[in-house]
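J.: First the structure, which I've put down as structure tokens, then a few questions once you've had a look.
Throughout, read-outs are computed from the coordinates displayed, never taken from laboratory work. All values derive from a computational prediction rather than experimental measurement. No Cβ is skipped: glycine too gets one built from the backbone with ideal geometry, and neighbour counts run over all protein chains shown.
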Amino acid sequence: MNDLKKPSITSLLFSTNEKFLLPFFSKDLFPWEIRELLIEKISRELSAPFLSFPNVYLKNPAQIYLGKNVQIDPGALIEGPCYLGDSVHIGHNALIRAGSFLSSHVYIGHCSEISRSIFLEGAKAPHFNYVGDSVIGREVNLGAHATLANLRLDKKSIDIIFQEKRIPTDKNKIGSFVGDFSSIGCGALLNPGTIIQKKTMILPLTTHKGFI
């Protein structure tokens with residue numbers, strides 16, 4: 001792994017103008033390392049005044065950062081610490097778990113669950129999606145019921161396959177890394193550790209793993 005440049009994965013997949021994120025994405029880090037450091041930062045540093053929304057459940061609200069023009073529909077559950085950027089929209093009965101970072105203009109729709117994941121600008125999980133321990137690029141769209149799994153059935157640690165090299169992570173919870181402007185079809189399943197390049201289309205009702 002010594003000849004593999006760490007940012008090659010990150011720079012291949014992602015771009016962002018989010019000021020809070022730029023220091024992380026410009027470092028010599030794998031995307032799963034960015035996610036972990038970002039969770040630590042928002043847990044340690046972010047604070048927010050108590051806000052309430054009609055029929056919305058906020059857990060640890062003092063650590064739920066809200067940007068401008070955030071919309072949260074009734075029935076949603078938001079767990080702090082997390083970050084909801086400008087013009088984020090959280091739909092009815094969505095679940096945003098602690099450690100998630102939603103950049104500006106992200107839409108998380110009805111009954112979708114987001115767990116410890118980063119969504120870059122304009123990304124969408126509109127309908128019945130599960131996204132665990134993942135990084136979702138700019139303007140990515142997840143079709144209805146698309147699932148980004150984060151745990152192997154045998155619960156062993158997850159290796160990443162990239163440029164025909166196997167990268168051990170020593171983590172047993174890692175989701176997928178979906179490059180900017182990609183589209184994931186309805187009902188598609190991305191297995192733990194999947195990498196999707198920029199501007200890739202994943203067909204509905206398909207299963208994927210490795211480097212796509």
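J.: Show me, for the range 152-163, the HN-Hα J-couplings you get by feeding each phi into the Karplus relation (A = 6.51, B = -1.76, C = 1.60, θ = phi - 60°), rounded to Hz, glycine and proline as x.
T.: Per-residue couplings from phi come out as 5, 4, 8, 6, 6, 5, 9, 9, 9, 9, 8, 6 Hz.
J.: How large is Rg/Rh for the chain, to two decimals, with Cα atoms and a Kirkwood Rh?
T.: 0.95
J.: Averaging the inverse of every distinct alpha carbon separation and then flipping it gives the Kirkwood radius. What is it for the range 1-115, in angstrom units? Walk me through the intermediate numbers first.
T.: Values: mean 1/r = 0.0673 Å⁻¹.
Radius from the Kirkwood sum: 14.8 Å.
J.: If packing is taken as the average number of other Cβ atoms within 10 Å across a peptide's residues, how do 137-148, 37-48, 161-172, 114-125 rank, most packed first?
T.: Values: 137-148: 22.5, 37-48: 15.4, 161-172: 12.8, 114-125: 25.1.
Descending packing order for the listed peptides: 114-125, 137-148, 37-48, 161-172.
J.: At 7 Å along the Cα-to-beta-carbon direction for both residue 127 and residue 12, put a label point, then send me their distance in nm to one decimal.
T.: Result for the modelled spin labels: 3.2 nm.
J.: Follow-up question, since we're still on this one. Based on DSSP H runs of at least 4 residues, each adding -39500 (n - 2.57), what is the mean residue ellipticity at 222 nm of the chain after dividing by all its residues, to the nearest 500 deg cm²/dmol?
T.: -3500 deg cm²/dmol
J.: A follow-up question, please. What angle, in degrees between 0 and 90 and rounded to the nearest 10, separates the Cα long axis of helix 31-45 from the longest principal axis of the Cα atoms of the chain?
T.: 30
J.: Something else now. Treating the beta-carbon of each Lys and Arg as +1 and of each Asp and Glu as -1, no other charges, what is the dipole magnitude of the range 1-115 about its Cα centre, to the nearest 20 debye? Don't jump to the answer; show the numbers that get you there.
T.: Working: 10 positive and 11 negative charges, 28 e Å.
The calculated dipole for the range 1-115 is roughly 140 debye.
J.: Hey, what do the phi angles of the range 125-138 turn into as Karplus ³J(HN,Hα) couplings, whole Hz, using 6.51/-1.76/1.60 and θ = phi - 60°, x for Gly and Pro?
T.: Those phi angles translate into 10, x, 9, 6, 9, 10, 10, x, 6, 10, 10, 10, x, 4 Hz.
J.: Length gain on complete extension for the stretch residue 93 to residue 165, per 0.36 nm per residue less the alpha carbon to alpha carbon distance?
T.: Between residue 93 and residue 165, full extension yields an extra 21.9 nm.
J.: Still on this structure, I have one more. Taking the Cα centre of the chain as origin, sum charge times position over the Cβ atoms of Lys and Arg (+1) and Asp and Glu (-1), and report the length of that vector in debye to the nearest 20.
T.: Here the size comes out at about 260 debye.
J.: Just going by the charge dipole of the range 7-208, with Lys and Arg at +1 and Asp and Glu at -1 on Cβ, which of 202, 107, 78 is farthest out on the positive end?
T.: 202
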